[in-house]
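Read through the structure below, which is laid out as structure tokens, and then see the notes.
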Ligand code: FES
Ligand code: FES
């Protein structure tokens with residue numbers, strides 16, 4: 001006889017839209033989001049080190065590879081797909097493009113969400129604070145300087161020192 005796979009409901013808000021999904025208790029949030037089409041949430045290391053899977057959970061950056069989907073019950077999730085408003089990119093997205101801070105783009109969604117959370121908390125961060133916020137996001141392409149410039153430019157143009 002085949003074992004029946006247990007399922008459970010999950011109610012949450014993703015990018016401003018209420019969702020009611022059916023999940024398995026052991027599903028990771030990363031897997032559920034990608035299954036539902038949020039491919040901006042990247043699957044990288046799956047061990048909480050690279051930051052590619054970052055989402056904002058009730059405004060805080062979280063590695064979705066380290067969290068069961070069930071733990072997100074009732075929460076507000078923002079993925080990179082939800083950042084633009086009515087076809088207008090978020091200023092951080094614009095700035096990343098303007099500063100050449102996007103290359104392969106694999107890390108970019110997580111990085112921008114990490115920066116978004118930082119700017120909510122610290123609207124005028126120092127360069128060190130931006131670098132610290134970026135430290136949890138591995139980028140193989142940019143060398144970090146351009147992303148840091150891009151974040152600082154949103155609040156204080158030309159603040160980066162050489
Ligand atoms: S995939 Fe989650 S931190 Fe790397
Ligand atoms: S832009 Fe390629 S990993 Fe960051």
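Throughout, read-outs are computed from the coordinates displayed, never taken from laboratory work. Source: prediction; values computed, not measured. Using ideal geometry, Cβ is built from the backbone for each residue, glycine included, and neighbour counts are taken over all protein chains shown.
Condition first: away from ligand 1 (no atom under 16 Å from the Cβ), over 15 Å from the mean Cα position of the chain (by Cα), surrounded by 14 or more Cβ atoms within 10 Å (Cβ to Cβ) and touching a residue at least 40 places away in the same chain (Cβ under 8 Å). Can you find one or more residues in the stretch 123-139 that meet it?
Start the filter on the stretch 123-139 by keeping residues that are away from ligand 1 (no atom under 16 Å from the Cβ), which leaves 123-132.
Still in the running and over 15 Å from the mean Cα position of the chain (by Cα): 123-132.
Among the residues that remain, those that are also surrounded by 14 or more Cβ atoms within 10 Å (Cβ to Cβ) are: 125, 127, 129-131.
Cutting the leftovers down to touching a residue at least 40 places away in the same chain (Cβ under 8 Å) gives us none.
Looking through the stretch 123-139, none of the residues is away from ligand 1 (no atom under 16 Å from the Cβ), over 15 Å from the mean Cα position of the chain (by Cα), surrounded by 14 or more Cβ atoms within 10 Å (Cβ to Cβ) and touching a residue at least 40 places away in the same chain (Cβ under 8 Å).
All conditions but one from (1) away from ligand 2 (no atom under 16 Å from the Cβ); (2) within 19 Å of residue 36 (Cα to Cα); (3) crowded, with 20+ Cβ neighbours inside 10 Å apply to residue 153; the one that does not is (2). One residue stands out among those in the stretch 97-109 that are closer than 16 Å to residue 42 by Cβ and out of contact with any helix residue (DSSP H, G or I) (no Cβ under 8 Å at 6 or more places or on another chain): the one that is surrounded by the fewest Cβ atoms within 10 Å (Cβ to Cβ), which is 104. Of the residues making up the stretch 78-96, those that are within 12 Å of residue 150 (Cβ to Cβ) and buried (at least 19 other Cβ atoms within 10 Å of the Cβ) are 92, 93, 95, 96.
Residue 6 - would you say it is touching a residue at least 12 places away in the same chain (Cβ under 8 Å), under 19 Å from the mean Cα position of the chain (by Cα) and part of a loop (DSSP other than H, G, I, E, B)? Don't jump to the end; show me each part of the working.
Numbers: touching a residue at least 12 places away in the same chain (Cβ under 8 Å): yes; under 19 Å from the mean Cα position of the chain (by Cα): no; part of a loop (DSSP other than H, G, I, E, B): yes.
Spelling it out, it is not the case that residue 6 is touching a residue at least 12 places away in the same chain (Cβ under 8 Å), under 19 Å from the mean Cα position of the chain (by Cα) and part of a loop (DSSP other than H, G, I, E, B).
For the stretch 35-67, filtered to residues that are free of Cβ contacts under 8 Å to residues at least 40 places away in the same chain, more than 11 Å from ligand 1 (Cβ to nearest atom) and not in a loop (DSSP other than H, G, I, E, B), the residue that is surrounded by the fewest Cβ atoms within 10 Å (Cβ to Cβ) is 35. Looking only at the stretch 68-80, decide whether some residue is under 16 Å from the mean Cα position of the chain (by Cα), part of a loop (DSSP other than H, G, I, E, B) and more than 30 Å from residue 23 (Cα to Cα). Looking for residues that are under 16 Å from the mean Cα position of the chain (by Cα), part of a loop (DSSP other than H, G, I, E, B) and more than 30 Å from residue 23 (Cα to Cα), one finds none in the stretch 68-80, hence no.
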